[in-house]
Amino acid sequence: MKQSFTITVHPEWDGKTLDTLLKEELAFSKKTIHQWRMEKSIFINGELKPWKDPLSTGDLLSIEYVAQPSAPAWEKEIDILFEDEHLMIVNKPADTDTHPNSEADTKTLQNAVIHALLSNGHSGYAQPVHRLDRDTTGAILFAKHPAIKPLLDQMLEKRLIKRTYLALAEGQLDQHGTISEAIGKDRHHPVRRRVSPGGQKAVTHYRRLKYDAEKHLSLAELNLETGRTHQIRVHLSHIGHPIAGDTLYGSHNKMYDRQALHAKKLSFEHPFTLELIEVEAAPPAYFHLH
């Protein structure tokens, strides 16, 4: 399906050529830029214009593209926290995978997002920029067209997308701390990860928000410098405070039937509008401590 998205020229880009804007300011790939040039996909204020002409503040760029649904659609209601023509942030429920892990897997958050987009006349292109474990709840970012996906991927890699989590950890955590322990695969288990000197660098910062002596649980806010698989789960378990309900990493708490981990907040500068996007997802009720 052929669709288009728009970018408004900001004052910072005034006087730059389209070629310079696409290459240097927006950092699109050479392949993408070449394709747009050959297919005459970019219109400036509704007209095809030379790419060497200087742009002016307020000019409207319209970029056409062709895309298909990223996966089968699943008719399931989703909680949209933020959306524009480029991206969507959704509050992921528990007991739901972020994306399909096989062709037969069609009831994931990605499938539900695709259904919502198709229902509004969108191509159905939706790709998660990061992922949350099946039982982890909270804010997750999706790209709505192929052009923005690699830009968001780069931002994530450069740590320009800040992610804040909440966790209920067993025991009384220190007031604050940093866990800098490399993480690798556990060769004795097909899924589990472990702290390993030969693994990938992983850094987690945390601060204790509340301690419930009756439940013997700490509510912690955590920020990641890296995004390793199961990073928070591995790190908290490593320091003797596994996440409540996380039996894979040593939890013995019987009050929770899943790990109590929630993606609370996403914060980043929008690559096209340059606005600061800050979105929070309210945690499930079971995160409330006395």
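The values are calculated or read from the model by the stated rules, or taken from the named source; none is laboratory data. The structure displayed is predicted, hence computed values, not measured ones. Cβ sites come from the backbone with ideal geometry, for glycine too, and all protein chains shown count toward neighbours.
This table checks each residue for (1) farther than 23 Å from E278 by Cα; (2) in a helix (DSSP H, G or I).
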residue: F5; (1), (2): no, no
residue: E12; (1), (2): no, yes
residue: L22; (1), (2): yes, yes
residue: I33; (1), (2): yes, yes
residue: Y65; (1), (2): yes, no
residue: Q68; (1), (2): yes, no
residue: L81; (1), (2): no, no
residue: M88; (1), (2): no, no
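Could you identify the single residue in I161, I183 that is under 19 Å from the mean Cα position of the chain (by Cα) and buried (at least 19 other Cβ atoms within 10 Å of the Cβ)? Show your work before the answer.
Values: I183 fails: under 19 Å from the mean Cα position of the chain (by Cα).
Every option except I161 fails the conditions.
Across the stretch 222-241, which residue is surrounded by the most Cβ atoms within 10 Å (Cβ to Cβ) among those that are assigned to a strand (DSSP E or B) and out of contact with any Phe, Trp or Tyr (no Cβ under 7 Å at 6 or more places or on another chain)? Spell out the reasoning first.
If we filter the stretch 222-241 for residues that are assigned to a strand (DSSP E or B), which is where we start, we get 222-224.
When the remaining residues are screened for being out of contact with any Phe, Trp or Tyr (no Cβ under 7 Å at 6 or more places or on another chain), the result is 223-224.
Details: N223: 16, L224: 18.
The selected residue is L224.
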Suppose we filter the stretch 11-23 for residues that are surrounded by fewer than 16 Cβ atoms within 10 Å (Cβ to Cβ) and either farther than 9 Å from L55 by Cα or outside the structural domain of N45 (by TED's automatic domain parsing) (or both); how many remain? 4
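Looking for whichever is surrounded by 16 or more Cβ atoms within 10 Å (Cβ to Cβ), more than 21 Å from L248 (Cβ to Cβ) and among the polar types (S, T, N, Q) here; the options are S119, S123, S218. Which one fits? Outline the logic, then answer.
Working: S119 fails: surrounded by 16 or more Cβ atoms within 10 Å (Cβ to Cβ); S218 fails: more than 21 Å from L248 (Cβ to Cβ).
The unique qualifying residue is S123.
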Count - residues of the stretch 244-290 that are touching a Phe, Trp or Tyr at 6+ places or on another chain (Cβ under 7 Å), in a strand (DSSP E or B) and of a type in the set (A, V, I, L, M): 4
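Each row is one residue, and each column tells you yes or no for (1) small (G, A, S); (2) touching a Phe, Trp or Tyr at 6+ places or on another chain (Cβ under 9 Å); (3) touching a residue at least 40 places away in the same chain (Cβ under 8 Å); (4) over 20 Å from D153 (Cα atoms).
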| residue | (1), (2), (3), (4) |
| --- | --- |
| L60 | no, yes, yes, yes |
| E77 | no, no, no, yes |
| E85 | no, yes, yes, no |
| T98 | no, no, yes, no |
| L109 | no, yes, no, no |
| I114 | no, yes, yes, no |
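Residues D135, D212: which one is assigned by TED's automatic domain parsing to the domain that holds T96, in contact (Cβ under 8 Å) with a residue 60 or more places away in the chain, closer than 26 Å to T247 by Cα and of a type outside the set (A, V, I, L, M)? Even if it seems obvious, please write down each step before you answer.
Details: D212 fails: assigned by TED's automatic domain parsing to the domain that holds T96.
From the options D135, D212, the qualifying one is D135.
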